[in-house]
Amino acid sequence: PNANLRKVSLTRQTAYGAVSYELDLEDYLYAGRSLADIGLQAGDTVTVPGRGSVFESVLNGLVRLAPLASIVTALRFIVS
């Protein structure tokens, strides 16, 4: 339940070095959208990151809203 299926990565070693593909498995599984026909090969590495906690999501939202809050506070000071 904590897997982030929107940011799955497939890394493959080639003659030119490592190649990475980012895959959105959530669209594939739940919306029926097809993936690029990559296919798994021996030696491939599939990484499925975690979603993070609810606390992290709330904290990230607050960090994004902090500049807006300071502007609103400054405007309230100017108007009054």
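I'd like the accessible area for residue 51: 1.4 Å probe, protein heavy atoms, all chains in place, Å² to the nearest 10.
130 Å²
On a full-extension model of 0.36 nm per residue, what is the gain between residue 28 and residue 42, subtracting their alpha-carbon distance, rounded to one decimal in nm?
Between residue 28 and residue 42, full extension yields 2.8 nm more.
Once ligands and nucleic acids are excluded and a 1.4 Å probe is used, how much of residue 71 is accessible, expressed in Å² to the nearest 10?
Rounded to the nearest 10, the figure is 90 Å².
Please give the net charge around residue 34, taking every other residue with its beta carbon less than 14 angstrom from that of residue 34, where Lys and Arg add +1 and Asp and Glu add -1.
Around residue 34, the surrounding residues sum to -3.
The values are calculated or read from the model by the stated rules, or taken from the named source; none is laboratory data. Since this is a predicted model, take the numbers as computed values, not measurements. Reconstructed Cβ throughout: ideal geometry from the backbone, glycine too, with neighbour counts over all protein chains shown. Heavy atoms of the whole protein, side chains included, go into the accessibility calculation; ligands, DNA and RNA do not. Shrake-Rupley method; radii C 1.70, N 1.55, O 1.52, S 1.80 Å.
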